[in-house]
Amino acid sequence: MSENVLAEIKNLRTYFHLAEGVVRAVDGVDLVIKSGRTLGVVGESGCGKSITALSLMQLVPPPGRIEEGEITYYRNVRATPSSNVADAINISKLKPNSRQMRSIRGNQISMVFQEPMAAMLPVRTVGSQIIEAITLHQNVSQEEARTRAIDMLARVRLPNPDRIIDNYPFQLSGGMRQRAVIAMALSCNPNLLIADEPTTALDVTTEARILDLMRDLQQEYDMAIMFITHNLGVIAEMADEVAVMYMGKVVEQTDVQSIFFDAKHPYTQALLKSIPQLDDVMSRTGERKRLQTIKGMVPDPYTVLPGCPFHPRCPEYIPDTCNRVVPEVIEVEPGHIVRCHLYASDIPVAQASEDMTL
Amino acid sequence: MTDRIDTYSETQVKTESQDQQPLLEIGSLKKWFPIQRGLLRREVGNVKAVDDVSFYVNEGETLGLVGESGCGKTTTGRCILKAIPPTSGDIWFEDPEMGRVNVTELQHQELVQVRRNMRMIFQDPYASLNPRMSLLDIVGAPLKAMGIARGKDLEERVAHMLELVGLRPEYMRRYPHAFSGGQRQRIGLARALAPHPKFLVCDEPVSALDVSVQAQILNLLQELQEEMGLTYLFVAHDMSVVAHISDRVAVMYVGKMVETAATQELFQAPRHPYTEALMSAIPRPDPTPREKRILLTGEVANPANPPTGCYFHPRCNYVKDICKHEEPVYEEITPKHYVKCHRAAELSLTGMTSLA
Ligand SMILES: Nc1ncnc2c1ncn2[C@@H]1O[C@H](COP(=O)(O)OP(=O)(O)O)[C@@H](O)[C@H]1O
Ligand SMILES: Nc1ncnc2c1ncn2[C@@H]1O[C@H](COP(=O)(O)OP(=O)(O)O)[C@@H](O)[C@H]1O
Ligand SMILES: [Mg+2]
Ligand SMILES: [Mg+2]
């Protein structure tokens with residue numbers, strides 16, 4: 001597996017200007033997606049996972065807008081061993097409807113959403129939609145596209161693909177529909193698949209099959225996956241690298257082992273402790289344990305907090321620092337970055353307090 | 001009953017209550033929804049949403065009810081309160097005032113009375129609260145309707161209930177839209193608990209919540225259970241949540257109960273192949289590679305047109321000829337461990353192993 005950078009997001013800010021105020025959905029996000037690897041993006045609802053992904057596709061819904069930042073996509077990184085600077089495309093500068101963006105979207109980068117019906121039109125057969133996706137990006141005949149569509153449906157392990165191709169989406173179960181959507185997303189052999197909560201609406205046994213399928217297809221196609229989920233269990237199964245988001249910011253990013261066994265950010269630590277662990281249940285004797293909770297709740301989306309956005313809920317809160325100074329990105333270990341004052345070599349102070357008696 | 005040797009006593013949290021009369025006893029519960037076709041709305045068949053289900057819930061315990069969507073969990077919960085009339089079966093409830101009653105036979109006034117003691121909370125805190133009602137109206141409604149309190153007394157009770165679930169009593173005049181998902185779930189809980197019930201059906205109460213909020217609500221449910229001596233039927237599809245909160249767990253598949261046992265026993269030593277597959281599928285928050293999953297093939301059976309024999313047989317990894325023709329009986333294979341599988345006695349299935 002190559003370690004080449006396929007896409008890089010730098011200081012991305014995507015805001016919604018609404019009558020009630022500005023929602024800073026994505027507020028200074030840095031992310032690196034490596035070719036052939038899975039980046040898991042995790043965080044609670046509203047933290048900006050989907051809008052980050054939609055920004056990468058230039059599909060931010062109005063009145064949302066990319067305000068700042070760079071999204072660089074290295075187009076031919078799979079073909080050439082070292083990333084070729086000439087082929088770097090700055091997606092954040094492309095118009096959503098430009099020819100170049102349309103040639104990337106659905107072709108080189110494609111997306112699977114939580115609700116499979118959102119990706120498919122209910123009034124058209126599964127096959128016609130996959131065939132359209134193929135012919136849009138590739139110069140092939142209808143028959144050729146149909147053969148390929150059937151082949152794709154077989155690859156996502158749908159039974160009787162030559163029959164299912166003429167079914168309407170509503171005729172399929174939730175799990176089958178999500179497979180059909182994955183087939184459509186992979187029909188152009190993308191370099192990057194963005195999967196936004198693809199299994200959240202499914203039952204566990206169906207989820208297990210879809211996750212298994214996605215892992216196999218990733219191997220087969222050597223594609224990168226940006227896997228968005230709020231489920232830490234799914235992250236553990238799928239991700240090579242993990243980014244943890246809170247209020248529009250990536251607060252920690254590192255490899256999957258370090259996230260689960262050596263989390264640095266107090267938010268990551270708290271999140272991990274708040275989920276029920278089967279291991280605890282198995283070793284339970286007598287008294288039932290309480291879960292650890294994070295005090296307070298996520299502020300409403302218009303809130304702009306000074307300093308670290310997590311400070312009002314943080315158990316490690318440093319007065320005068322966390323509520324005043326925005327934490328910088330700190331590399332605590334090679335490849336392990338965290339935005340938290342606890343790891344600064346010297347803790348920044350907002351202002352030296354002149355009056356020592358205070 | 002009393003001299004039965006309980007081989008799994010160390011895995012059970014509440015052994016002392018095991019030999020009491022259960023608070024709730026469900027016998028052969030069925031709920032079939034007719035399928036109608038055509039202009040004359042001719043009945044062409046039935047969705048067997050709940051099909052011959054029996055179980056009990058002891059006082060003070062939490063029974064978890066799991067299974068994939070559409071297997072009949074919600075329907076079971078709604079039948080228990082007679083929110084929908086069951087097709088057949090018995091629902092025996094130990095009511096503190098009325099004594100042992102069969103809920104299915106209760107009418108009007110008696111039903112209102114039993115619903116002081118049996119209540120329900122729902123998955124969707126948004127849909128289950130009337131947006132035009134203030135918290136006072138929402139939480140106070142059952143107290144008013146049941147003639148328990150009104151006027152100043154009602155307000156005091158509502159204030160107390162709000163406090164109990166961690167909401168500020170000053171919020172009484174506000175409307176649900178002003179509250180977050182977790183807070184709305186607390187409002188639903190205050191409403192359910194207002195008449196001081198004995199028993200609560202919790203239908204996916206944390207499924208729509210983020211993990212940090214989920215943890216707060218799960219803790220609250222446990223605290224209230226201890227303080228108020230509540231008994232829960234806890235319906236959920238998240239196995240880790242169910243394992244965490246339940247003393248015993250019941251597993252449903254296509255309208256049938258397939259296995260019930262004490263939580264640790266069920267997770268560590270499942271006896272039904274479906275339970276085994278369900279355990280194996282749980283995504284666990286630990287990136288350490290583990291043994292290959294047991295993946296189910298095929299799709300969940302249609303409750304309007306279920307397969308012959310054991311409903312699980314088309315997907316079962318251990319299927320034998322008998323499974324295709326004969327429906328297995330739901331039987332107690334070891335004390336308090338119930339299984340519906342022809343091969344339960346001979347199979348040795350894989351449960352959860354501690355990763356630590
Ligand atoms: N179409 C929209 N209009 C206004 N605000 C939006 C819209 N889409 C998302 N947001 C806001 O942007 C923030 C991030 O949303 P999103 O990326 O969808 O979160 P996540 O996917 O992590 O749950 C949230 O506060 C959300 O309310
Ligand atoms: N009012 C109804 N009319 C017809 N069918 C119903 C009705 N309610 C539920 N069902 C069917 O009964 C089965 C069980 O549903 P439900 O109890 O909601 O399952 P669960 O809560 O386990 O997801 C499903 O097949 C569902 O479609
Ligand atoms: Mg989202
Ligand atoms: Mg349900």
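For this structure, a couple of remarks:
- Applying the criterion of at least 3 residues that are buried (at least 18 other Cβ atoms within 10 Å of the Cβ) and more than 19 Å from the chain's Cα centre (by Cα) to the strands (runs of 3 or more DSSP E) found wholly in segment B:57-141 leaves an empty list.
- Verdict on A:Asp196 being more than 16 Å from ligand 2 (Cβ to nearest atom) and out of contact with any Phe, Trp or Tyr (no Cβ under 8 Å at 6 or more places or on another chain): no
- Residue in segment A:242-261 that is assigned to a helix (DSSP H, G or I) and without any contact (Cβ under 8 Å) to a residue 12 or more places away in the chain present: yes
- Residue in segment B:162-171 that is open to solvent by 50 Å² or more (accessible area, probe 1.4 Å), in contact with a helix residue (DSSP H, G or I) (Cβ under 9 Å, 6 or more places away or on another chain), aromatic (Phe, Trp, Tyr) and in the same structural domain as B:Val213 (by TED's automatic domain parsing) present: no
- Candidate set: segment A:21-61, residues that are polar (S, T, N, Q) and within 29 Å of A:Asp222 (Cα to Cα); chosen: the one nearest to ligand 3 (Cβ to nearest atom): A:Ser50
- Residue identified as assigned by TED's automatic domain parsing to the domain that holds B:Pro22, under 22 Å from the mean Cα position of the chain (by Cα) and among the β-branched types (Val, Ile, Thr) among B:Val158, B:Val213: B:Val213
- Qualifying position, being out of contact with any strand residue (DSSP E or B) (no Cβ under 6 Å at 6 or more places or on another chain) and buried (at least 20 other Cβ atoms within 10 Å of the Cβ), among A:Tyr317, A:Tyr246: A:Tyr246
- The strands (runs of 3 or more DSSP E) falling completely within segment A:13-128 that include 3 or more residues that are open to solvent by 10 Å² or more (accessible area, probe 1.4 Å) map to A:21-34, A:64-74, A:88-90.
- Pairs meeting the criteria (first residue in segment A:263-277 and more than 11 Å from chain B (Cβ to nearest Cβ), second residue open to solvent by less than 20 Å² (accessible area, probe 1.4 Å) and part of a helix (DSSP H, G or I), beta carbons under 8 Å, at least 6 apart or on different chains) are A:Thr268/A:Ile259.
- For segment A:225-246, a tally of residues being within 14 Å of ligand 3 (Cβ to nearest atom), under 24 Å from B:Met239 (Cα atoms) and more than 7 Å from chain B (Cβ to nearest Cβ) returns 3.
- Cβ pairs under 9 Å, 6+ apart, first in segment B:66-82 and acidic (Asp, Glu), second open to solvent by 10 Å² or more (accessible area, probe 1.4 Å) and near ligand 4 (Cβ under 10 Å from one of its atoms): B:Glu68/B:His237
- From B:Pro285, B:Pro303, residue being within 16 Å of ligand 2 (Cβ to nearest atom), more than 25 Å from B:Pro335 (Cα to Cα) and not in a helix (DSSP H, G or I): B:Pro303
- Candidate set from segment B:50-79 (those that are within 17 Å of B:Asp203 (Cα to Cα), within 15 Å of ligand 2 (Cβ to nearest atom) and touching a helix residue (DSSP H, G or I) at 6+ places or on another chain (Cβ under 7 Å)); member that is nearest to the other protein chains (Cβ to nearest Cβ): B:Glu68
- B:Ile80 falls short on exactly one of the conditions (1) among the hydrophobic types (A, V, I, L, M, F, W, C); (2) at pLDDT 95 or above; (3) in contact with a Lys or Arg (Cβ under 8 Å, 6 or more places away or on another chain), and that condition is (3).
- Which numbered condition A:Asp222 fails, given (1) within 14 Å of chain B (Cβ to nearest Cβ); (2) among the acidic types (Asp, Glu); (3) in contact with a Gly (Cβ under 6 Å, 6 or more places away or on another chain): (1)
- For segment A:214-232, residues that are touching an Asp or Glu at 6+ places or on another chain (Cβ under 8 Å) and either small (Gly, Ala, Ser) or more than 18 Å from A:Ile33 (Cα to Cα) (or both) total 1.
Residue-wise test of (1) open to solvent by less than 40 Å² (accessible area, probe 1.4 Å); (2) of a type in the set (Phe, Trp, Tyr); (3) more than 7 Å from chain A (Cβ to nearest Cβ).
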position: B:Phe267; (1), (2), (3): yes, yes, no
position: B:Arg271; (1), (2), (3): no, no, yes
position: B:Ala277; (1), (2), (3): yes, no, no
position: B:Ile282; (1), (2), (3): yes, no, no
position: B:Pro287; (1), (2), (3): yes, no, no
position: B:Thr297; (1), (2), (3): no, no, yes
position: B:Pro307; (1), (2), (3): yes, no, yes
position: B:Tyr318; (1), (2), (3): no, yes, yes
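- Selection of segment A:157-182 for residues being within 14 Å of chain B (Cβ to nearest Cβ) and of a type in the set (Val, Ile, Thr) yields only A:Ile164.
- Filtering segment A:183-217 to residues that are within 14 Å of another protein chain (Cβ to nearest Cβ), open to solvent by 10 Å² or more (accessible area, probe 1.4 Å) and not hydroxyl-bearing (Ser, Thr, Tyr) leaves A:Glu197, A:Ala201, A:Leu202, A:Asp203, A:Val204, A:Glu207, A:Arg209, A:Asp212, A:Arg215, A:Asp216.
- Meets criteria (over 30 Å from B:Ser246 (Cα atoms), more than 14 Å from chain B (Cβ to nearest Cβ), at pLDDT 90 or above and part of a loop (DSSP other than H, G, I, E, B)) for A:Asp346: no
- Qualifying residue in segment A:262-280 (condition: more than 23 Å from A:Ala53 (Cβ to Cβ), of a type in the set (Lys, Arg) and in a loop (DSSP other than H, G, I, E, B)): yes
The values are calculated or read from the model by the stated rules, or taken from the named source; none is laboratory data. Here the structure is a predicted model, which is why all the values come from computation and not from measurement. Glycine also receives a Cβ, built like all others from the backbone with ideal geometry; neighbour counts cover every protein chain displayed. Protein only, heavy atoms only, side chains kept; ligands, DNA and RNA dropped before computing areas. Shrake-Rupley method; radii C 1.70, N 1.55, O 1.52, S 1.80 Å.
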